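Participant: I'd like to ask some things about the structure below.
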Amino acid sequence: DIIVNGLSMALTQQKEFNSVISNNGNSVDSLLEKMREMAKPAG
């Protein structure tokens, strides 16, 4: 069950990454920037 959920989460994350890239001119840099923004501490 955990393995199945883990796989599902990985596939969902991959789809989200692909969406960010494709919505920003196929730029991997756009994904990296989005990830940097998400990693910043709140405040």
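The values are calculated or read from the model by the stated rules, or taken from the named source; none is laboratory data. Just so it is clear, the model here is predicted, and its values are computed rather than measured. In this analysis, Cβ positions are derived from the backbone assuming ideal geometry, glycine residues included, and neighbour counts consider all displayed protein chains.
Participant: In the stretch 27-42, what count of residues is obtained for those that are under 16 Å from GLU16 (Cβ atoms), surrounded by fewer than 10 Cβ atoms within 10 Å (Cβ to Cβ) and either touching a Pro at 6+ places or on another chain (Cβ under 9 Å) or of a type in the set (Gly, Ala, Ser) (or both)?
Facilitator: Residues flagged as under 16 Å from GLU16 (Cβ atoms), surrounded by fewer than 10 Cβ atoms within 10 Å (Cβ to Cβ) and either touching a Pro at 6+ places or on another chain (Cβ under 9 Å) or of a type in the set (Gly, Ala, Ser) (or both) within the stretch 27-42 amount to 1.
Participant: Please determine whether any residue of the stretch 11-32 is modelled with pLDDT of 95 or more, of a type in the set (A, V, I, L, M, F, W, C) and over 10 Å from the mean Cα position of the chain (by Cα).
Facilitator: Scanning the stretch 11-32 turns up at least one residue that is modelled with pLDDT of 95 or more, of a type in the set (A, V, I, L, M, F, W, C) and over 10 Å from the mean Cα position of the chain (by Cα).
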